[in-house]
Amino acid sequence: MHYYSLNNKAPQVTFDTAVIKGIAPDKGLYFPERIPTLPTQFWETIEELSKEEIAYQVMQPYVGDTMDETTLREIVADVLSFDFPIVPITNHIGTLELFHGPTMAFKDVGARFMARCLGHFLKEQNQQEEVTVLVATSGDTGGAVARGFYKVPGIKVVILYPSGKVSDVQERQLTTLGENITALEVDGTFDDCQAMVKRAFLDTDITSIKQLTSANSINVARWLPQSLYYLFAYKELKKQGKADKIVFSVPSGNFGNICAGMVAHLMGMPVHHFVAAVNSNTTIPRFMKTGHYSPTPTVPTISNAMDVSDPSNFVRVLQLFENSRQLLSTKFSSYSYCDNATRGAMLDIYKEHNYTADPHGAVGYLGLKEYLKDHPDAHGIFLETAHPIKFLPAVEPVVGPLALPEQIKELMNAQKDALAISDYQELKNYLLE
């Protein structure tokens, strides 16, 4: 399998190079030359396969001959060492819980997979030069990347996060590890952080002396493994006889997660429709209505991990559907909800169904309900992308006190260590030092 740049001005590369470089020399996102389809027998017998076997068969075509079978099997077994349960909410709605990993967020899978792949490739190539993983976070990416790369030899991690715009738990997860992890607290929004990261990749003053790669979902090793959750859900729904008309509603910020779900669909997984549920950052719902892509200033919300007005991965979504909004609309809808609606959904799910959702999951629930109004025969799954404990200021006023899980209790006693920066020059100075 080769990967090409979506800017179409760079040579094709293999998986290992795409992972190490993160972004193409022409600054385009890497994209697989084809989406492989899995054999009919895989789909017919998926109920009998372990999640590790599913993961191996899905990821092997993308990895190709850059990694031997034993190594890839060991990596996926290590990465998938926790559960991905579907919890029923009503007869026609369930939630796919993706927060049972070490940082209690869906990004644990992609971050852990990428960390292990990158560590393997650097060791294989006997690379002596330190690689700097540069990443922007709107909340959960930072903690997952920090934990995934913690103490990995030859890798330094620099995480940019917007000051005052991530939850206390999220901030502690990315600022308290130390060792090879550095947190930069940015006076700005997530889009500002993301713009700084992209600018650093363009800056030859930095790239001439440092090897940079990204652990945002722009990196193929962070992005593609997210397709696995959808296959695990399909396996479970097929077991239950509910796989005929599946609708996935995905709380969406940078659009890597829903894009990976669409990859799973194009590999052969039957899906009726995808819903991208967003908060008050409405670039994509407006684009789907008008055809005009016009990002506006980022709006801070209680579902902060989705506070993204210019999602990097939407170009990949379009690429999967031949860059046609009309073709995309046959499988994809996008709806937006304000904070008041989000709080109302959290209360409704709690009161009516005795389930505590986090703000992102609540947005996903709203998007799913909106779509199911006109499609009552479908079976809907909304993704619960992070544990509600990570958003106490938003959740507790609605549903009351939550008990702290053990790993969060330990975190609350850890000491924050972050360097405050306000502009790109300060980031550049830090990287050059």
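The values are calculated or read from the model by the stated rules, or taken from the named source; none is laboratory data. All of these numbers come straight from a predicted model, not from anything done at the bench. No Cβ is skipped: glycine too gets one built from the backbone with ideal geometry, and neighbour counts run over all protein chains shown. For accessibility, only protein heavy atoms count, side chains too; no ligands or nucleic acids. Shrake-Rupley method; radii C 1.70, N 1.55, O 1.52, S 1.80 Å.
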Problem set entry | Single residue of region 409-433 satisfying the filter (assigned to a loop (DSSP other than H, G, I, E, B) and open to solvent by 80 Å² or more (accessible area, probe 1.4 Å)) that is modelled with the lowest pLDDT | Asn413
Exercise. Does any residue of region 61-71 turn out to be assigned to a helix (DSSP H, G or I) and under 18 Å from Lys235 (Cβ atoms)?
Worked result: no
For this session: May I ask you to list the residues in region 319-367 that are farther than 17 Å from Thr282 by Cα and aliphatic (A, V, I, L, M)?
Result: Leu320, Leu327, Leu328, Ala345, Met346, Leu347, Ile349, Ala357
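Check whether at least one residue in region 346-362 is touching a helix residue (DSSP H, G or I) at 6+ places or on another chain (Cβ under 7 Å) and closer than 22 Å to His272 by Cβ, and report yes or no.
No.
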Problem set entry | Filter result (more than 17 Å from Ala378 (Cβ to Cβ) and open to solvent by 10 Å² or more (accessible area, probe 1.4 Å)) within region 230-250 | Phe232, Lys235, Lys239
For this session: For region 241-331, please list each of the helices (runs of 4 or more DSSP H) lying entirely inside it that holds at least 2 residues being of a type in the set (Val, Ile, Thr).
Result: 256-266, 283-290, 314-320
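Condition check ((1) over 21 Å from Thr141 (Cβ atoms); (2) touching a Leu at 6+ places or on another chain (Cβ under 8 Å)) across all residues:
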position	(1), (2)
Met346	yes, no
His353	yes, no
Gly367	yes, no
Asp374	yes, no
Glu396	yes, yes
Leu404	yes, no
Ile408	no, no
Exercise. Do you know which of the residues in region 287-301 that are under 22 Å from the mean Cα position of the chain (by Cα) and farther than 21 Å from Asp187 by Cβ is most open to solvent (accessible area, probe 1.4 Å)?
Worked result: Tyr293
For this session: Note down all Cβ pairs under 6 Å where the first residue falls in region 288-303 and is of a type in the set (Gly, Ala, Ser), the second is at pLDDT 95 or above and open to solvent by 30 Å² or more (accessible area, probe 1.4 Å), and they're at least six residues apart or on different chains.
Result: Gly291/Arg325
Seminar exercise, completed: All-but-one check, Phe287 against (1) closer than 23 Å to Met114 by Cα; (2) in contact with a helix residue (DSSP H, G or I) (Cβ under 8 Å, 6 or more places away or on another chain), failing number (1)
Exercise. Taking region 329-357 on its own, how many of its residues are within 20 Å of Phe248 (Cα to Cα) and in contact (Cβ under 8 Å) with a residue 40 or more places away in the chain?
Worked result: 15
Problem set entry | Selected residue [at pLDDT 95 or above and open to solvent by 40 Å² or more (accessible area, probe 1.4 Å)] from Tyr365, Tyr371, Tyr335 | Tyr335
Seminar exercise, completed: Checked region 5-17 for anything out of contact with any Phe, Trp or Tyr (no Cβ under 6 Å at 6 or more places or on another chain) and open to solvent by 40 Å² or more (accessible area, probe 1.4 Å); matches are Asn7, Asn8, Lys9, Pro11, Thr14, Thr17
Exercise. Applying the selection to region 309-320, what residues are open to solvent by 10 Å² or more (accessible area, probe 1.4 Å) and either without any contact (Cβ under 8 Å) to a residue 40 or more places away in the chain or β-branched (Val, Ile, Thr) (or both)?
Worked result: Val315, Leu318
Problem set entry | Filtered residues of region 18-39 (kept if at pLDDT below 95 and open to solvent by 40 Å² or more (accessible area, probe 1.4 Å)) | Lys21, Pro25, Lys27
Exercise. If Phe121 satisfies every condition in (1) open to solvent by less than 20 Å² (accessible area, probe 1.4 Å); (2) closer than 24 Å to Asn257 by Cα but one, which is the exception?
Worked result: (2)
For this session: Give the residue that is surrounded by the most Cβ atoms within 10 Å (Cβ to Cβ), with candidates limited to residues of region 344-362 that are assigned to a helix (DSSP H, G or I) and more than 23 Å from the chain's Cα centre (by Cα).
Result: Ile349
Exercise. Only one residue in Thr95, Thr71 is touching a residue at least 60 places away in the same chain (Cβ under 8 Å) and in contact with a helix residue (DSSP H, G or I) (Cβ under 9 Å, 6 or more places away or on another chain), so which one is that?
Worked result: Thr95
Exercise. Is there any pair with a first residue in region 5-17 that is β-branched (Val, Ile, Thr) and a second that is part of a helix (DSSP H, G or I) and open to solvent by 90 Å² or more (accessible area, probe 1.4 Å) whose Cβ atoms are under 9 Å apart and which are 6 or more apart or on different chains, and what are they?
Worked result: Val13/Lys21; Thr14/Asp65
Exercise. If we scan region 56-77, do we find a residue that is more than 30 Å from Ala378 (Cβ to Cβ), open to solvent by less than 20 Å² (accessible area, probe 1.4 Å) and not hydrophobic (A, V, I, L, M, F, W, C)?
Worked result: yes
Exercise. Any residue at all in region 140-157 that is touching a Gly at 6+ places or on another chain (Cβ under 8 Å) and farther than 26 Å from Val63 by Cβ?
Worked result: no
Problem set entry | strands (runs of 3 or more DSSP E) wholly inside region 73-149 containing at least 1 residues that are modelled with pLDDT under 90 and hydrophobic (A, V, I, L, M, F, W, C) | 131-136
